[in-house]
Amino acid sequence: MNFAEIKYCDIANGTGVRTSLFVSGCRHRCPGCFNEVAWDFMAGEPFTADVEDRIIESLQTPYVEGLSILGGEPLEPENQAALLPFLDRMAQVVPNKDVWLWTGFTWEQLVQGDGRVRTPYLAPLLKHLSTLVDGPFVEEKKDITLRFRGSSNQRIIDVAASLASNSVVLWQDGTFFSKRTW
């Protein structure tokens with residue numbers, strides 16, 4: 001797997017201060033995507049053990065809340081194969097950090113068996129996630145007032161609650177954000 005970028009001390013992609021990993025490779029190719037450079041599976045640099053070490057080191061900083069994984073498409077089969085062992089390792093070294101992941105696949109595609117995304121890595125990978133932002137970016141539904149997502153069709157999902165209930169449970173952070181009229 002390659003990665004296009006890593007942002008340390010990121011406050012835009014999930015709650016709190018985070019380390020954000022932008023993986024390379026995406027077959028969705030959503031029109032209007034904010035990160036077209038990461039569509040190419042060869043974009044950026046190889047995701048090596050040294051890169052993993054640097055990310056884990058950043059997560060050991062007390063004020064960093066967790067890891068955000070974006071793309072490209074983290075759940076392309078090629079990327080799942082590299083992310084699962086990394087998330088296994090992360091769970092051992094920094095178990096108190098949460099993991100957010102953005103995907104163009106819907107929750108239903110992930111749990112009901114979209115042929116392209118279903119691999120032996122998917123179910124154990126999902127169990128590492130605290131929060132999943134699902135669904136493709138839809139340019140006609142773009143809304144810059146939405147928190148942590150780009151278009152209104154995308155959902156922020158509480159993964160553990162959704163897996164336990166076998167249905168989508170939306171994430172709640174206890175903060176109310178309303179559209180302001182000036």
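Worth a mention:
- Some residue of the range 107-116 being within 13 Å of the chain's Cα centre (by Cα), assigned to a helix (DSSP H, G or I) and without any contact (Cβ under 8 Å) to a residue 40 or more places away in the chain: no
- Close pairs (7 angstrom Cβ cut-off, 6 or more residues apart or separate chains): under 17 Å from residue 138 (Cβ atoms) in the range 31-43, of a type in the set (Val, Ile, Thr) and surrounded by 12 or more Cβ atoms within 10 Å (Cβ to Cβ) anywhere: none
- Considering the range 150-168, and only residues there that are in contact (Cβ under 8 Å) with a residue 24 or more places away in the chain and within 24 Å of residue 32 (Cα to Cα), the residue that is surrounded by the most Cβ atoms within 10 Å (Cβ to Cβ) turns out to be 157.
- Residue within the range 16-30 that is among the β-branched types (Val, Ile, Thr), touching a strand residue (DSSP E or B) at 6+ places or on another chain (Cβ under 9 Å) and either farther than 22 Å from residue 126 by Cβ or assigned to a helix (DSSP H, G or I) (or both) present: yes
- Pair list, Cβ < 9 Å and 6+ apart or interchain, from the range 79-104 residues that are part of a helix (DSSP H, G or I) to residues that are among the polar types (S, T, N, Q) and at pLDDT 95 or above: 79/24; 93/60
- Here is the figure for the range 45-59: residues that are over 15 Å from residue 95 (Cα atoms) and of a type outside the set (Asp, Glu) total 6.
- Some residue of the range 108-118 being touching a Pro at 6+ places or on another chain (Cβ under 9 Å), farther than 23 Å from residue 31 by Cα and surrounded by 13 or more Cβ atoms within 10 Å (Cβ to Cβ): yes
- In summary, residue 72 fulfils each of the numbered conditions (1) free of Cβ contacts under 8 Å to residues at least 40 places away in the same chain; (2) in contact with a helix residue (DSSP H, G or I) (Cβ under 6 Å, 6 or more places away or on another chain); (3) in a loop (DSSP other than H, G, I, E, B) with the single exception of condition (1).
- For residue 126, the conditions (1) over 13 Å from the mean Cα position of the chain (by Cα); (2) of a type in the set (A, V, I, L, M); (3) assigned to a helix (DSSP H, G or I); (4) over 15 Å from residue 21 (Cα atoms) all hold with the exception of (1).
- Looking only at residues of the range 127-156 that are of a type in the set (A, V, I, L, M) and in contact with a helix residue (DSSP H, G or I) (Cβ under 6 Å, 6 or more places away or on another chain), we find that the one that is farthest from residue 91 (Cα to Cα) is 132.
The values are calculated or read from the model by the stated rules, or taken from the named source; none is laboratory data. The shown structure was predicted, so the numbers you read here are calculated from the model rather than taken from an experiment. So basically every Cβ, Gly included, is an ideal-geometry build from the backbone, and we count neighbours across all protein chains shown.
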